[in-house]
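What follows is a set of notes on a single structure, which appears directly below.
The values are calculated or read from the model by the stated rules, or taken from the named source; none is laboratory data. Remember, it's a predicted structure, so these values are computed and weren't measured experimentally. As a convention, Cβ positions derive from the backbone with ideal geometry for all residues, glycine included, and neighbour counts pool all protein chains shown.
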Ligand SMILES: C[S@@+](CC[C@H](N)C(=O)[O-])C[C@H]1O[C@@H](n2cnc3c(N)ncnc32)[C@H](O)[C@@H]1O
């Protein structure tokens, strides 16, 4: 008899032998729609469920597919987002960016009606989460990728978030309409063009979501240049960036902006977040 527990063990063994991440087996099973509940792990697995889990694990093993694309699910801040290979998979570090942004929204704008933008929105994780968590907010989201825009719209609908979603090149949709925001959050592509990434990332996730120029900072240069045009007084911008980019970014801010800024580390103690405050 093959129990669910045994099925998982067998598949973990297979994944370990292939030198891949064994936790993926549990992640796929526990988050699948046929998960039997922890209390039933020692009951007999149906042939159908055995088949389904084996197929999913094979996608990970032999197609090198990220588990989130296999299940079409990414968990972010207590919400479940639909994802597929048309969008970037939201990362844990970005949840922290959202959390730190929420603290600062509370500090500056508690109970006020505010305008928020999520630039380079991907599947919509940042902007939709902010819309759900900040009661009095209007949220505008944009991305250059058609598929990301469609996925964001789908997630907004699934999660019942009333947000505006627009396709366009970086901050063009904001500049063209002379929009201004109290808060802009941006997790742009920031990997250096020359950097070698794990194959599971570079072979699956849209490359347009990853690379940000020779030093990875092309998007920050553009947005810093336009900071005054697009941020309201007393507003702020929040960014994610690469763990080794703090020095370069700091130089860039000092050269281009007269405002206070703050760098924060992520839970792995790596430089990761930047906040810039307009007065
Ligand atoms: C690192 S991903 C971040 C996605 C999402 N904000 C998140 O945190 O999960 C960067 C995003 O920037 C988008 N992007 C790349 N180039 C762009 C451009 N020129 N204008 C607007 N968006 C762009 C990509 O399509 C991708 O969705």
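A few points about this structure:
- Selection count where residues are under 23 Å from residue 99 (Cβ atoms) and touching a residue at least 60 places away in the same chain (Cβ under 8 Å), scope the stretch 206-234: 5
- Residue 77 on the phi > 0 side of the Ramachandran plot and either touching a strand residue (DSSP E or B) at 6+ places or on another chain (Cβ under 9 Å) or modelled with pLDDT of 95 or more (or both): yes
- The set of residues in the stretch 141-162 being within 13 Å of the ligand (Cβ to nearest atom) and over 16 Å from the mean Cα position of the chain (by Cα) consists of 146 alone.
- Filtered residues of the stretch 13-34 (kept if farther than 12 Å from residue 54 by Cβ, assigned to a helix (DSSP H, G or I) and free of Cβ contacts under 8 Å to residues at least 40 places away in the same chain): 13, 16, 17, 23, 26, 30
- Matching residues in the stretch 171-200 - criterion: being within 13 Å of the ligand (Cβ to nearest atom) and touching a residue at least 60 places away in the same chain (Cβ under 8 Å): 184, 185, 186, 187, 188, 189
- Scanning the stretch 48-67 for residues that are in contact (Cβ under 8 Å) with a residue 24 or more places away in the chain and either surrounded by 15 or more Cβ atoms within 10 Å (Cβ to Cβ) or in a helix (DSSP H, G or I) (or both) yields 49, 50, 53, 54, 56, 57, 60, 61, 65, 66, 67.
- Of all residues in the stretch 249-267 being without any contact (Cβ under 8 Å) to a residue 12 or more places away in the chain and loosely packed, with under 11 Cβ neighbours inside 10 Å, the one that is nearest to residue 222 (Cα to Cα): 255
- Residue count for the stretch 87-127, restricted to those that are farther than 18 Å from residue 158 by Cβ, without any contact (Cβ under 8 Å) to a residue 60 or more places away in the chain and within 8 Å of the ligand (Cβ to nearest atom): 1
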